Amino acid sequence: MKKNNKIFLFVTAVICILIVTVLLIRLKDNNSVDLSEDVTAFYKGNSIRFIVPSSPGGGFDEYTRMLVPYLEKHSGATVKVINRPGAGGMLAANELFQSPRDGLTIGMMNGLAMVTNRLVGIEGANYIVEEFEYLGRVVDDRRVLSIAIDNKIQTIDDVWNSVEIIKLGATGLGGSAYVDGVISKEAFKMNVQIIHGFDSSSAVRQSLLRGNIDGAWGSYGSAEDGVEAGLERIILQSGRQRSKDIPDVPAIFEFIDRTEDPVRTEKILSAWDALISVGRPVATAPGTQENRVAFLRAVFAKAMNDPEFIQRAAQAGREINFASSDEMMEIIIGATQMDPDIEALFTRAVRGEL
């Protein structure tokens with residue numbers, strides 16, 4: 001009997017050792033939590049690469065460089081900005097997705113382009129949107145429809161009631177302004193024509209001011225300068241509610257009941273709003289060690305809510321709309337899970353088929 005007990009205990013011990021060994025191997029392979037690591041000490045004095053999907057001087061770059069001192073303040077690390085412009089942010093997203101899983105590379109992404117690339121399965125988009133380890137979001141990408149200050153069109157009702165075709169400018173087929181234009185046209189059945197092929201958003205603005213086109217969709221940040229200079233007027237904004245920065249401008253959801261099929265319109269606008277809400281998220285590579293991800297998320301939240309950072313952003317005229325990592329995942333799910341017919345609509349828009 002005693003012999004059998006010894007054999008049983010020996011076999012049990014061997015099985016336990018095997019189970020622990022397998023678990024340890026899996027933990028190592030998955031870069032999971034290393035409970036022995038002092039993550040604060042790991043980051044202190046270390047160097048973090050921060051990938052930006054634009055050239056120096058653009059909006060993404062400006063947000064990043066404003067944020068860097070506060071990431072350094074709350075992490076103890078040095079943060080180096082790496083500019084990776086190209087392909088509407090795809091190059092930066094690819095690099096971040098394929099970067100080492102050590103928590104020493106983070107990046108800001110062009111969320112709208114990142115998700116729409118996923119919708120159409122664009123060649124070269126070598127990342128999976130849902131697999132990034134999101135730290136949070138800096139700001140959403142509120143879109144606005146602007147017209148020249150002296151244009152005959154003064155309000156969104158003028159667009160709605162116009163017998164003449166309203167010409168809206170955009171850069172390339174499938175670009176953000178193009179998608180905004182065709183989706184709003186589809187939702188509201190307005191008498192609108194999208195004039196595309198401009199070299200840049202600046203060229204669109206110049207054509208707008210010369211009167212060659214009537215209006216253009218773009219980010220609020222881009223339109224704000226023209227408004228402050230007295231050259232442009234914003235007549236419509238994306239979102240369910242009006243922004244506190246432009247409270248006199250109607251939001252797209254206010255017009256659902258004016259359409260022939262409010263249910264379908266609501267689905268279109270909800271999908272559009274979800275894409276816009278992705279905004280400018282910050283993430284690290286998928287599979288990064290969990291305790292380092294948790295540390296980076298805490299650092300990002302502290303930096304975004306640092307009173308000095310908030311004041312500095314306000315002084316620079318840069319809107320802040322922080323979303324936590326959990327909120328960011330909900331936004332991503334909303335932006336990537338559409339009804340099949342609505343997804344087909346957006347796919348055609350991104351491909352320039354509308």
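All of the numbers you see were taken from the coordinates with simple rules; none came from a lab. Quick caveat, the model's predicted, so the values are computed rather than measured. We place every Cβ from the backbone using ideal geometry, glycine too, and count neighbours over all the protein chains shown.
Using DSSP to define loop residues, name the trypsin sites (Lys or Arg not before Pro) in region 108-165 whose beta-carbon has at most 12 other beta-carbon atoms within 10 Å.
Lys152
Pick from Gly226, Gly181, Gly169: which residue has the top mean-square fluctuation in a GNM of the chain where Cα pairs under 10 Å get a spring?
With Cα springs under 10 Å in the chain, the top fluctuation among Gly226, Gly181, Gly169 is at Gly226.
Please figure out what share of the DSSP beta bridges in region 143-274 is antiparallel and state it in percent, rounded to the nearest 5.
Within region 143-274, antiparallel bridges account for around 60 percent of the total.
Let me know the charge dipole size of the chain about its Cα centre in debye, to the nearest 20, where only the beta-carbon of Lys, Arg (+1) and Asp, Glu (-1) is charged.
1380 debye
Read through the labelled values [x] 46, 24, 17; [y] 61, 27, 16; [z] 31, 25, 20 and report the label of the one computed as semi-axes √(5λ) of the Cα gyration tensor in Å from the structure.
[x]
Tell me, what is the percent relative contact order of the chain, built from C-alpha pairs under 8 Å that lie six or more residues apart?
26 percent
Loop-only check: which trypsin sites (Lys or Arg not before Pro) in region 191-252 are DSSP coil with at most 15 other Cβ within 10 angstrom?
Arg240, Arg242, Lys244
Got a sec to turn the phi values of region 38-51 into Karplus ³J(HN,Hα) couplings, 6.51 cos²θ - 1.76 cosθ + 1.60 with θ = phi - 60°, whole Hz, x for Gly and Pro?
Those phi angles translate into 8, 5, 5, 5, 4, 7, 4, x, 7, 10, 10, 8, 10, 7 Hz.
Taking neighbour Cβ counts within 10 Å as the exposure measure, how do Met329, Met114, Met90 sort from fewest upward?
Met329, Met90, Met114
Given points 7 Å out from each Cα along the Cα-Cβ axis, report the Glu260 to Glu353 separation in nanometres with one decimal.
Simple spin-label model gives 2.2 nm for this pair.
What pairs from Lys267/Lys302; Lys167/Lys267; Lys244/Lys267 go past 32 Å between their alpha carbons?
Lys267/Lys302, as the Cα separations exceed 32 Å there.
Using θ = phi - 60° and the Karplus curve 6.51 cos²θ - 1.76 cosθ + 1.60, what whole-Hz ³J(HN,Hα) does each residue of region 270-277 get, with Gly and Pro shown as x?
Taking θ as phi minus 60°, the curve returns 5, 5, 4, 5, 5, 5, 5, 5 Hz for region 270-277.
Among bridges DSSP assigns within the chain, what percent are antiparallel (round to 5)?
55 percent
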